[in-house]
Structures are given as C-alpha cells and as structure tokens.
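The values are calculated or read from the model by the stated rules, or taken from the named source; none is laboratory data. This one's a predicted model, so the numbers in the text were calculated from it and none came from an experiment. Here Cβ is always computed from backbone atoms with ideal geometry, including for glycine, and neighbour counts include all displayed protein chains. Keep in mind that these areas ignore ligands, DNA and RNA; they rest on the heavy atoms of the full protein, side chains included. Shrake-Rupley method; radii C 1.70, N 1.55, O 1.52, S 1.80 Å.
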Amino acid sequence: MLSLSINTVTILYLLASICFIQALKGLSHPSTSIRGNIFGIAGMFIATLSTFGLIGNMANILPDQNIFFGMFLLILGIAIGGTIGAIMAKKVQMTKMPELVAFMHSMVGLSAVFIAITAVLEPYALNITDKGSSIPFGNRLELFLGASIGAITFSGSVIAFGKLSGKYKFRLFQGAPVTFPAQHLINLGIGLGILALGIFFSFTENWPAFITLLVLSFLIGVLIIIPIGGADMPVVVSMLNSYSGWAAAGIGFSLGNSMLIVAGSLVGSSGAILSYIMCKAMNRAFLSVILGGFGGETSIVQSSDEKKSVKSGSAEDAAFMLGNAESVIIVPGYGLAVARAQHALKELSDKLIENGTEVRYAIHPVAGRMPGHMNVLLAEAEVSYDQVFEMEDINSEFNQTDVVLVLGANDVVNPAAKTPGSAIYGMPILEVFKAQTVIVNKRSMASGYAGLDNELFYMEKTMMVFGDAKKIIESVGKAV
C-alpha cells in the first residue's frame, strides 16, 4: 500500500499548489489556455496521489482491513466519477458548456456538505479529534461555514443549471426572474437564522442545529438565484464558482488539509475577481451579486404603437458588402454557438483576409452564457488569437470600420444601454452602431435575455440577414 511521510505529502501539496497557480495564470488568456489546463491536470494528479499516501499513513490508526476497504472505495469513486466526467465532457456541446459548469459547481458544493456531515458525526475518522473527544470550537466554526456555503452553492447551481438549460417547464428553472413580496426581507431573515444557528452549533456542537442550518442554506441557495434573470447568468456562473471555492477552503480548514485550503482559496478568489469583472461589464453592483439581490427588479419598458421597419437583405448582399470592405469586425454571440457556425465563420474570415480585408473579432465579456464562452468557441475553430479583441480594446475602432458583422448577439450591442430608464442602461456594450455599415444575422426579431427591442436593428445603416447562422455564413462564403 502507498504510504507517504507527512513531509513528502507537504512537498507534494506545495507542488500541486504551484501547478494550480500556473493553471490560473495560463487560463487567463486563450493563447496559454492549453498550458493552463495541463498544469491543472498535473496539480490534481499530484493532489490525488498525496491523498492515497495519507490513507496509507492511517494504517497506524485504524485496522488494516478498514484501510484497504477505504482505499477500494476511493478507487471505485474515482473510477465512477472520472468515467462520468469524461463522458460528459466528451459529449457536451459548446452551447451546453455553461450547464456543465453549473453542474460541476453543484457537485463541489454537495461534496463539501457530505464531508462536513461526516466530520460532525465521526470527527475521529477524519483525524479531527481523538476518539471520544469533542470537536474544537475552531473546527466547528469552520464546518459551519464550509457546510453552509456548500449547501448554498449546490442548490443555487441547480437553479442556475435549469435557467441556463431553458428546456424545463418548472417555473423556477425558467429564465424570467421569480419574485414575490418581501423577498429580500425573507432572504435576510433566513440568512440571519443560518448565522445564529451556526454560532449556536459552534459553541454547543448541537446536531439538530447543524441539520437545520443546512436545510436553511439549501433553501436560501434557491431563493437568491430565482430572482435573477437569464441575462445575468454569466455573473451567476462566476459567483457560484467563487462560492464552491470558499466551501472547499472552509472544509480544508476543518480537516487541516492545506491542499484543500490553497485550491479552494484560489478558486474562491479568482471566481470573486471574475464576478467583479462581469459586474463591471454589466453595470451591476458587486455586493448585490454576492448577496443575490439583483435581477429581481422589473424595468419599465416603453412601448410604442409606431410600427418599425427593418432593412433586410440576402447572403449575397452581405457578401457584396464584406467583399468590398477594407476593414471588418465580427461580433459573435450565442446564436453563433447554437448554430455551431464557428468553423464556417473561420473559412469566411480566411477568404476575406486573402482578398486583402482586415478582419478582427470583438468579444464582449458576457457574450454567450458564461464568461469566455465566445473565446472558447473561436479557439475551437482555430481563429488566431491576434485577431480576437476584448471590448475595451476595440470599441474605439468601430467608427473607423467599414462593416461590422453581428452574429447572434443582442443585448451586448444594443444602443438602449445609452438610454436612461432602459433595463440595461449603463451596461457597457460593443459600440457597433458607430461603424459605417452593420450586418446583423439572426433567426428572427426576437429580443435578447433582457427582453428589450434592439434599436440597432432599425438603424438606416443596418441590414438584417435572417436565417440559421451556419447556412448564412456558408452562403456568404461561397458568394465572396
């Protein structure tokens, strides 16, 4: 049986931590994302190896047959979980990636809950206390925090999964916000109740108090996500990512496991930073996001009896405009992912570049249904990273651009963000309306997640090309 000394395990944990840090650094940019993933895999492999070594060391504490049985269960769990994860990752479509991320967050939260329950029931088995001794106050406090955050992460991620999927009829899983009277006051009351029960448990080690605070944590996880609309789901995903990290870190403190503390802290802090970036990109208050108190307000949308008309064209018309342009900026959105048109778009871009056209891609931080969705989509099609620009780097270039091609994006290019009173007022957008000509490809005139009409579609400079993005792009490519 593998048995490692504490010093060896400590060194391995240090190496794994370095790998995780390098993974985050690599994942911060598409050009280094593969390297980041490799570091992450290496770090997790080292951490898992260390776990086997720790179990081997427990042979001095528990009977050998229990150790062997525990090792068998660990290997079985890794085999089952690894197989399920590999199959899911292999089969998942790019449009379903946000749901997969939400699912993974929920599993991390639920794992933290199960570990906390085990630690409260059998602290001796996890080497928290000596046999027959009470759990120290500090450990009880850490278990309360880790378990409650884990429960919130699990139930909140389940709701986020349903909202992102958009295929379930259950009301709580629908994209529209779910609100009711005194909602925030109820959330505040439940939150204070969880805090009071947690403090009570920390002082008394009362089991019913611990179970009750877990139930309330599962409940508030649902309540803080249901008032959030589909337009804000990218922020929710990054927020839950942060929660899952803090849950793991809390449990790590309870178990005295430095690897869990480091890994959880990295995930928690990086998720919080990403949430802040997403909030800034959507003109949201960071504190409101953390507390789940945004997205529930209903905005008054001014309606008009005036019938608006749009200028529509064909793929051949779009090809003519693109073929005669000196500079083109492409704005990808969720519609591009739904149509799986990224490879066709890459072929079109290559043809335009061969004709001497400057082609660039503009990425909004919250385009798609999770942070970085469009970056991953373009990377899958092997679009050069030098052609991909973030919003703050390319917004000043639109007024000098001949043609902007918008593919399935909606709220992130809506000039209504400049109009006081609009539901998205103040949200930074890609200012495509400043370009000389705008071509918008959509299946229909349906509104985006925010439920607003897009003023861009009715501008004189805009031509709408309706239809499936992949078919339209392929037709444009043939005609160029």
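Before moving on, here are some points about what is shown:
- Among ALA116, LEU430, PHE52 - extreme Cα towards positive end, dipole of the chain, charges at beta-carbon: ALA116
- Each semi-axis of the equivalent ellipsoid for segment 120-252 is √(5λ) with λ an eigenvalue of the Cα gyration tensor; in descending order they amount to 32, 16, 11 Å.
- J(HN,Hα) series, segment 429-439, from Karplus relation 6.51 cos²θ - 1.76 cosθ + 1.60, nearest Hz, glycine and proline x: 10, 6, 7, 5, 5, 8, 6, 5, 9, 10, 10
- Here's the list of aspartates and glutamates a cross-link from LYS346 could span, going by alpha-carbon distance under 19 Å and ignoring same-chain residues fewer than 8 apart: GLU316, GLU326, GLU354, GLU358, GLU380, GLU382, ASP386, GLU390, ASP468, GLU474.
- Among ILE363, THR83, SER314 the positive-end extreme of the charge dipole of the chain (Cβ point charges): THR83
- Residue-averaged [θ]222 nm for the chain, counting only DSSP H segments that reach four residues, each worth -39500 (n - 2.57): -19000 deg cm²/dmol
- Cross-link pairs LYS163/LYS351; LYS90/LYS167; LYS91/LYS442; LYS169/LYS280 - those with Cα-Cα distance over 29 Å: LYS163/LYS351; LYS169/LYS280
- Accessible surface of the chain [probe 1.4 Å, protein heavy atoms]: carbon and sulfur percent: 63 percent
- In segment 104-189, the trypsin sites (Lys or Arg not before Pro) that fall in loop regions by DSSP, at most 16 other Cβ within 10 Å: LYS131, LYS167, LYS169
- Sites PHE320 and SER444, calculated FRET efficiency, Cβ-Cβ separation with R0 22 Å, nearest 0.05: 0.40
- Using alpha-carbon coordinates, inclination of helix 33-57 to the longest axis of the chain, degrees: 10 degrees
- Qualifying GluC sites (Glu not before Pro) for segment 338-422 [loop in DSSP, other Cβ within 10 Å: at most 10]: GLU382
- Linear extension gain, ALA89 paired with ILE18, 0.36 nm per residue minus alpha-carbon span: 23.0 nm
- In degrees, nearest ten, helix 6-26 long axis to first principal axis of the chain (Cα): 10 degrees
- Rounded to the nearest 20 debye, the dipole magnitude of the chain is 860 debye, with +1 charges on Lys and Arg beta carbons, -1 on Asp and Glu beta carbons, and the Cα centre as origin.
- Checking every one of the chymotrypsin sites (Phe, Trp or Tyr not before Pro) in segment 418-476 against DSSP loop status and a limit of 13 other Cβ atoms within 10 Å picks out TYR425.
- Per residue accessible area in Å² of the chain, where ligands, DNA and RNA are left out and the probe is 1.4 Å: 48 Å²
- Dipole of the chain, positive direction: furthest Cα of SER384, SER17, GLY467, with charges on the beta-carbon: GLY467
- The chain: angle of helix 207-223 to the longest principal axis, Cα-based, in degrees nearest 10: 0 degrees
- Given the alternatives (i) 1.07; (ii) 0.97; (iii) 1.04, Rg/Rh (Cα atoms, Kirkwood Rh) as computed for this entry is given by (iii).
- Entry note: segment 390-480 has Rg to Rh equal to 0.97, where both radii use alpha-carbon atoms and Rh is the Kirkwood radius.
- Mean-position separation - Cα centroids, segment 308-378 and segment 131-155, in angstrom: 49 Å
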